[in-house]
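Student: If you scroll down you'll find the structure; I have some questions about it.
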Amino acid sequence: MRTILVVAEHRRGELRPISLELITAAQGLRQADDKVVVALIGSKADALVPAVSVAGVDEVVTVKVASEEFDPDIFEAAVAQLIEEKKPAVVLLAHSVDSLGYAPTLARQRNFGFSTDVFKLEWDGEGLVATRAGYNQKVNVEVEFPGKTCVVLTVRGSVFKPPEGAASPAVSALDLTSKSSRSTNLDYVEASGAGDVDITTAEFILSIGRGIAEEDNVEQFRELADTMGATLCCSRPIADAGWLPKSRQVGQSGKVVGACKLYLALGISGSIQHMAGMKHVPTIVAVNTDPGASIFTIAKYGIVGDIFEIGEELRNQLAAQPLDG
Ligand SMILES: Cc1cc2nc3c(=O)[nH]c(=O)nc-3n(C[C@H](O)[C@H](O)[C@H](O)COP(=O)(O)OP(=O)(O)OC[C@H]3O[C@@H](n4cnc5c(N)ncnc54)[C@H](O)[C@@H]3O)c2cc1C
């Protein structure tokens, strides 16, 4: 019998969606009498027990620690203690800024197997195989962990669907309130763009990527989006550069545009992380000068061309025949 340990993530009292996705990933690994244990770490961890009491969870462990919010020192100590007690074969964490603050150290110091940004997990005859991307998403890499009794993996978000149905797992508790940290969480500062339009509810999105080349070019695409009645969104480099607020970023570390029906991708290559936020959209139209761009693999309509020329053409067409005319 093996134990698969899932470490849930929460922020400001709410479970993050990836926590449930991790439970599904654990389910996929479960064999025969394997056990899925979910750990909730925080001063108010008890409050989240109902949220993780879902189908496929055998046990929930609440780990009471001094701080309510994530802290890398505390989480590292707590997960190390859980591994000591539960002896899991696999530990699943979110591939997130939180986990990356402690998981590499945890694994390295204890000589565990380790891989990040994993999107497929399976057992083969020899042991666990985790699949992640390599060489800038150009190839998939299968990682094996020979000789490791415990493997720690950070799992990519939006890959596994959350489980359906409630359950009544056993609940146990650990007290680690005596553990201290080198840092203290003082306050939360909202990211820029708070109060901006909610792109997850937009039905028609015009999204710009690094193909726009420079900040001065944002305005012409904003105007085009307005004229077309689309919501202007972007890939991560545009948000990272501060050309559009983070609230407009589509993708793994941005938002999943769940309500979108038409997605116009202009100068976006189609990285796995970007596609994680929009690949489900029924009608994707992509414009890119590179015929080999990955975005074309999911686009319903693809135009190999220059976004400035296509933008100009659209403006001319719309001027001649306005959408509301
Ligand atoms: C942990 C992690 C999380 C991430 N999360 C996200 C995320 O949430 N969202 C996200 O978008 N990215 C995310 N990324 C970054 C991601 O890996 C890519 O770097 C990013 O998506 C690339 O953005 P892009 O397509 O705009 O730029 P590029 O990959 O540089 O592509 C620009 C494209 O524009 C085309 N182009 C250039 N000029 C023109 C022109 N004049 N006309 C037409 N086409 C043109 C080029 O051919 C190219 O295909 C994440 C990365 C990591 C590691």
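Student: From the set of residues in region 272-313 that are in a loop (DSSP other than H, G, I, E, B) and in contact with a Lys or Arg (Cβ under 8 Å, 6 or more places away or on another chain), which is surrounded by the fewest Cβ atoms within 10 Å (Cβ to Cβ)?
Tutor: So, considering only residues that are in a loop (DSSP other than H, G, I, E, B) and in contact with a Lys or Arg (Cβ under 8 Å, 6 or more places away or on another chain), the one surrounded by the fewest Cβ atoms within 10 Å (Cβ to Cβ) is PRO282.
Student: On the given criteria, is GLY195 part of a loop (DSSP other than H, G, I, E, B) and in contact with a His (Cβ under 9 Å, 6 or more places away or on another chain)? Lay out the reasoning, then the answer.
Tutor: Values: part of a loop (DSSP other than H, G, I, E, B): yes; in contact with a His (Cβ under 9 Å, 6 or more places away or on another chain): no.
No: the conditions fail for GLY195.
Student: For the list (1) touching a residue at least 60 places away in the same chain (Cβ under 8 Å); (2) out of contact with any Gly (no Cβ under 7 Å at 6 or more places or on another chain); (3) within 14 Å of the ligand (Cβ to nearest atom), I need the number of the one condition that GLY292 fails.
Tutor: For GLY292, the failing item is (1).
Student: May I pose another question? When SER253 is evaluated against the numbered criteria (1) at pLDDT below 95; (2) buried (at least 23 other Cβ atoms within 10 Å of the Cβ), which criterion, by number, is the only one it fails?
Tutor: Result: SER253 fails condition (2) only.
Student: I need the full set of residues from region 268-289 which are more than 8 Å from the ligand (Cβ to nearest atom), modelled with pLDDT of 95 or more and under 25 Å from ILE18 (Cβ atoms), in order please. Walk me through how you get there before you give the answer.
Tutor: Start the filter on region 268-289 by keeping residues that are more than 8 Å from the ligand (Cβ to nearest atom), which leaves 275, 278-286.
Okay, now just the ones that are also modelled with pLDDT of 95 or more, so 283-286.
Answer for region 268-289, where residues must be more than 8 Å from the ligand (Cβ to nearest atom), modelled with pLDDT of 95 or more and under 25 Å from ILE18 (Cβ atoms): just ILE284.
Student: Between VAL218, VAL159, VAL171, which is away from the ligand (no atom under 16 Å from the Cβ), of a type in the set (A, V, I, L, M, F, W, C) and surrounded by 12 or more Cβ atoms within 10 Å (Cβ to Cβ)? So that I can check it myself, show each step before the final result.
Tutor: Values: VAL218 fails: away from the ligand (no atom under 16 Å from the Cβ); VAL159 fails: away from the ligand (no atom under 16 Å from the Cβ).
None of the other options fit; the residue is VAL171.
Student: Considering LEU20, LEU48, which residue is touching a residue at least 12 places away in the same chain (Cβ under 8 Å), more than 20 Å from the chain's Cα centre (by Cα) and surrounded by 19 or more Cβ atoms within 10 Å (Cβ to Cβ)?
Tutor: Only one candidate qualifies: LEU48.
Student: Ok, one more. Among the residues of region 93-106, write down those that are aliphatic (A, V, I, L, M) and either without any contact (Cβ under 8 Å) to a residue 12 or more places away in the chain or crowded, with 21+ Cβ neighbours inside 10 Å (or both).
Tutor: Initial filter on region 93-106 (aliphatic (A, V, I, L, M)): 93-94, 97, 100, 103, 106.
Listed by number, the residues that qualify are LEU93, ALA94, VAL97, ALA103, LEU106.
Student: While we're here: Go through region 242-255 and give me each residue that's near the ligand (Cβ under 10 Å from one of its atoms) and assigned to a loop (DSSP other than H, G, I, E, B).
Tutor: Within region 242-255, GLY251, GLN252, SER253, GLY254 qualify.
Student: Looking at region 55-81, which of its residues are within 18 Å of ASN185 (Cβ to Cβ), β-branched (Val, Ile, Thr) and assigned to a loop (DSSP other than H, G, I, E, B)?
Tutor: VAL65 - this is the single residue of region 55-81 that is within 18 Å of ASN185 (Cβ to Cβ), β-branched (Val, Ile, Thr) and assigned to a loop (DSSP other than H, G, I, E, B).
Student: Identify, by number, the condition in (1) under 24 Å from ASP98 (Cα atoms); (2) touching a Lys or Arg at 6+ places or on another chain (Cβ under 9 Å) that VAL189 doesn't meet.
Tutor: VAL189 satisfies all of (1) under 24 Å from ASP98 (Cα atoms); (2) touching a Lys or Arg at 6+ places or on another chain (Cβ under 9 Å) except (2).
Student: Moving on to the next point. Inside region 174-215, can you point out the residues that are of a type in the set (Lys, Arg) and either more than 16 Å from the ligand (Cβ to nearest atom) or touching a Ser or Thr at 6+ places or on another chain (Cβ under 6 Å) (or both)? Talk me through it step by step, then tell me what you get.
Tutor: Taking region 174-215 as the starting set, the residues that turn out to be of a type in the set (Lys, Arg) are 179, 182, 210.
LYS179, ARG182, listed by residue number.
Student: For the subset of region 232-241 comprising residues that are over 15 Å from the mean Cα position of the chain (by Cα) and of a type outside the set (A, V, I, L, M, F, W, C), which member is farthest from the ligand (Cβ to nearest atom)? Break it down into steps so the answer makes sense when it comes.
Tutor: Within region 232-241, the first condition is being over 15 Å from the mean Cα position of the chain (by Cα), and the residues that meet it are 232-234, 237-241.
Keeping just the survivors that are of a type outside the set (A, V, I, L, M, F, W, C) gives 237, 240.
Details: PRO237: 5, ASP240: 8 Å.
That would be ASP240.
The values are calculated or read from the model by the stated rules, or taken from the named source; none is laboratory data. All of these numbers come straight from a predicted model, not from anything done at the bench. Here the Cβ is made from the backbone with ideal geometry for all residues, glycine too, and neighbour counts use every protein chain on show.
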